[in-house]
Structure formats: structure tokens, C-alpha cells
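Participant: Just passing along the structure, written as C-alpha cells.
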Amino acid sequence: MWLVPENLILLAVLAGVLMFWRSTLRAREEAIRASRAACKVRGHQFLDDTVCLARLGISRGRQGWPLLRRTYEFEFSADGFDRIVGSVTVFGSRVESVYLPEGAREF
């Protein structure tokens, strides 16, 4: 029989890993979308069309349940010659904040 406790534990762990992977992909897509939009609003060029996970933590949401807070970093250019690092924070599945340094010049 395959319904032994060891197999059920393995299935539960596998389901947890798949849920984490799916939520991470969704959060990354939201971070890319928010980063691209923030750069477009300020007239900057969003470089490499990607973000990189910089920080991962757990915080409590509005109802008190633990949610993942992910901070992604991305690079953008203000004048086409420089590379400036910005960040976007995703809490759960929604974008919490986008940071573009003040030193970045606008066109």
C-alpha cells in the first residue's frame, strides 16, 4: 500500500515545496511589473528585464497570519550610461513598495 505515513509526509512536503515555488514565481512577476512601471513613470530604462531576490522574511498580515515578505533588486539606467540599483518589496502577493534612489536623474 502506498498510503503509509512516510509517503503521506513526503506528499505533504512536496505539496508545500510546489506551493512555495508557485507563490515565488507569482511574486517575482509582480515585482517585474512594478519595477518596469516605476521606471517608465520616471523616464528611466529598466535594464535586463528581470529582478533578483535580495531578502526573504516572514511577517504577519492584516489578519495575523504569517506571510512572506520578499525584497527584489533590479537595475535601471537614468541616462543610458549608468546602472543604478532599485528595489521592490512584495508582501504576500501584492507589491508593498518600490524604491528608486533619489540620486537618479530624470530625463
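Bear in mind that the values in this text are calculations on the coordinates, not laboratory data. If you're wondering where the values come from, they're calculated on a predicted model, not measured in any experiment. Cβ atoms come from the backbone with ideal geometry, glycine included; neighbour counts cover every protein chain shown.
Participant: Pulled fully out, how much extra length does the chain show between residue 93 and residue 58, if you take 0.36 nm times their separation in residues and subtract their Cα-Cα distance?
Facilitator: Details: separation 35, 0.36 × 35 = 12.60 nm, distance 1.30 nm.
Additional length available on full extension: 11.3 nm.
Participant: What does the convex hull of the alpha-carbon atoms of segment 5-99 project to on average, in nm²? Intermediate values should be presented prior to the final figure.
Facilitator: Numbers: hull surface 29.3 nm².
Its average projected convex-hull area is 7.3 nm².
Participant: Please get the size of the charge dipole for segment 5-99, origin at its Cα centre, with Cβ charges of +1 on Lys and Arg and -1 on Asp and Glu, quoted in debye to the nearest 20. Don't jump to the answer; show the numbers that get you there.
Facilitator: Values: 14 positive and 10 negative charges, 89 e Å.
The calculation lands at about 420 debye.
Participant: Can I ask one more? Which residue, 41, 51, 85, has the most motion in a Gaussian network model of the chain that connects Cα atoms within less than 10 Å?
Facilitator: Maximum fluctuation in the GNM of the chain, among the listed residues, is at 41.
Participant: If you line up the long axis of helix 5-42 against the longest principal axis of the chain, both from Cα atoms, how many degrees apart are they, to the nearest 10?
Facilitator: 10 degrees
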